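As structure tokens, the structure follows; a few thoughts come after it.
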Amino acid sequence: MNHVIIVAGGQGLRMGADVPKQFLPVGGRPILMRTIERFHAYDGAMNIILVLPESQQAYWRQLCRDHHFDIAHTVVVGGATRFESSRNGLDAIPEDADGLVGIHDGVRPFVSIDTIERCFDAAEDAYAAIPVLPVTDTLRYVDRLGGGKNVLRSDYRVVQTPQVFDIALARRAFSQPFRESFTDDASVVEALGCQVPMVEGNRENIKVTTPFDLIIAEALLRHPTT
Ligand SMILES: Nc1ccn([C@@H]2O[C@H](COP(=O)(O)OP(=O)(O)OP(=O)(O)O)[C@@H](O)[C@H]2O)c(=O)n1
Ligand SMILES: C[C@](O)(CO)[C@H](O)COP(=O)(O)O
């Protein structure tokens, strides 16, 4: 059985909305529902674990009733960091489970089924896989004194989710103590000394982070490309 942990335990400070950003509507439906629907569409038998702050769980249950949202999922409590939220999600997977676990941002509702499939297929072969895209702008390194220099953009990739791992590998990685450098799940696995293979992501798979991203999200719904 495949598992996916949808992390939605953050504060959404950059969005600055009254309602937690994962509950904001896009095309009339909460972002989080759209995200969960993508994984259910990929694999109807997938074990879906949703990580949410305790204070938001009653509101989420109300939203599910209001929107007749009936995709089965388990809700677990979020942590102070994304690392902690991912780890809480992992703890909800039965001890004796084997196979793969994907970890996905609750606020990436436009992940394509192809991207999900590429990640799970590659992780089946290589124990881990993450979706990435090439950088389309010129990149500039800036130092602490305000100086800067052009860097070769072909040396870099933009990283998305879902990040998929063998469950035993993910458990070992998340038993390490937290480090500030853990900005995604791949960086936690790499701290064990493992390589994390990359597959192609999809351009629409934006992380809804700021009010501007909500405008893009509405436009993507009006002109679907996935
Ligand atoms: N303690 C945390 C922090 C983040 N996340 C989740 O990780 C994903 C990516 O994080 P981001 O979009 O940066 O969300 P926030 O941390 O909520 O945003 P901000 O930094 O603006 O507060 C989101 O789905 C967010 O809910 C989480 O589960 N637990
Ligand atoms: C995990 C992630 O979405 C990969 O791009 C990203 O690192 C999370 O962003 P945050 O701003 O660090 O929460």
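In percent, rounded to a whole number, the relative contact order of region 3-222 is 25, using alpha-carbon pairs under 8 Å and six or more apart. Here the gap between ARG153 and GLU180, fully extended at 0.36 nm per residue and compared with their Cα-Cα distance, gives a gain of 7.3 nm.
Averaging the sequence gap over all C-alpha pairs within less than 8 Å and six or more residues apart, then dividing by the number of residues, gives region 118-226 a relative contact order of 31 percent.
Per DSSP H run of at least 4 residues, take -39500 (n - 2.57); add these up for the chain, divide by its residues and hand me the 222 nm value, nearest 500 deg cm²/dmol.
On the way: 7 runs with 71 residues, N = 226.
Calculated at 222 nm, the ellipticity per residue is -9500 deg cm²/dmol.
In region 29-115, what GluC sites (Glu not before Pro) fall in a loop by DSSP, with at most 13 other Cβ atoms inside 10 Å?
Values: sites: GLU37, GLU54, GLU84, GLU95; in loops: GLU95.
Taking region 29-115 and a limit of 13 other Cβ atoms within 10 Å, the loop GluC sites (Glu not before Pro) found are GLU95.
Across region 171-179, computed HN-Hα scalar couplings (Karplus, 6.51 cos²θ - 1.76 cosθ + 1.60, θ = phi - 60°) run 4, 5, 4, 7, 8, 6, x, 5, 10 Hz from first to last residue, x flagging Gly and Pro.
Put a dot 7 Å past each Cα toward the Cβ at ALA191 and ALA45; how far apart are the dots in nm? My value for the distance between the label points is 3.5 nm. Eigen-decomposition of the gyration tensor built on the alpha-carbon atoms of the chain gives equivalent ellipsoid semi-axes of 26, 23, 18 angstrom, largest listed first. Once you reduce region 132-200 and region 32-95 to the center of their Cα atoms, the two points are 24 Å from each other.
Residue ranges 153-162, 139-148, 182-191 sort as 182-191, 153-162, 139-148 when ordered by packing (mean number of other C-beta atoms within 10 Å per residue, highest first).
For region 3-222, which whole percent of the accessible surface, found with a 1.4 angstrom probe, sits on carbon and sulfur atoms? Each step should come with its number before you reach the end.
Working: 5680 of 11280 Å².
The nonpolar share, carbon plus sulfur, comes to 50 percent.
The values are calculated or read from the model by the stated rules, or taken from the named source; none is laboratory data. Remember, it's a predicted structure, so these values are computed and weren't measured experimentally. Using ideal geometry, Cβ is built from the backbone for each residue, glycine included, and neighbour counts are taken over all protein chains shown. For accessibility, only protein heavy atoms count, side chains too; no ligands or nucleic acids. Shrake-Rupley method; radii C 1.70, N 1.55, O 1.52, S 1.80 Å.
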